Amino acid sequence: MAKARVHELAKEFGVTSKEVLAALTEMGEYVKSPSSTVEAPVVRRLTEERGDGWKAAADAKAAKKAALIRAITLCNLLSFRRTTQNTPNRQ
């Protein structure tokens, strides 16, 4: 397995690079920036310790965002219908 970069791990887990950097530092790993590479055993350990929690939080955030978008779309549709029903047809 190739080395993974911190920013790639952050994208995979759905969190910021800062959060991954902080977690790796807590684990005692020396990482300097989001472009730093991480060895496979460290990635495995990070995934075991934090991966599930981060992915669950990211999924919940995505679901909340999707619900908000659906609600806004519905409001816009209802508003459009009201305005078009009350306006006389122009020819």
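Some observations on this one:
- Whichever residue in the range 16-62 is outside any helix (DSSP H, G or I) and free of Cβ contacts under 8 Å to residues at least 12 places away in the same chain and, among such residues, is nearest to the chain's Cα centre (by Cα): T16
To keep it simple, each residue is scored yes or no on (1) of a type in the set (A, V, I, L, M, F, W, C); (2) surrounded by 10 or more Cβ atoms within 10 Å (Cβ to Cβ); (3) modelled with pLDDT under 75; (4) closer than 19 Å to K11 by Cβ.
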| site | (1), (2), (3), (4) |
| --- | --- |
| S36 | no, yes, no, yes |
| E39 | no, yes, no, yes |
| V43 | yes, yes, no, yes |
| A56 | yes, yes, no, yes |
| A63 | yes, yes, no, yes |
| C75 | yes, yes, no, no |
| N86 | no, no, yes, no |
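- Residue check, K65 assigned to a helix (DSSP H, G or I), out of contact with any strand residue (DSSP E or B) (no Cβ under 8 Å at 6 or more places or on another chain) and on the phi < 0 side of the Ramachandran plot: yes
- Among the residues making up the range 23-39, a single one is under 11 Å from K3 (Cβ atoms) and of a type in the set (A, V, I, L, M): V38.
- Candidates are the residues of the range 5-32 that are among the hydroxyl-bearing types (S, T, Y) and more than 16 Å from E49 (Cα to Cα); the one that is surrounded by the fewest Cβ atoms within 10 Å (Cβ to Cβ) is Y30.
- Taken as a whole, the structure places A2 among residues that are aliphatic (A, V, I, L, M), loosely packed, with under 12 Cβ neighbours inside 10 Å and at pLDDT below 90.
The values are calculated or read from the model by the stated rules, or taken from the named source; none is laboratory data. A quick note: this is a predicted structure, and the numbers were derived from the prediction, not measured. Don't worry about glycine lacking a Cβ; one is built from the backbone with ideal geometry, like all the others, and counts go over all protein chains shown.
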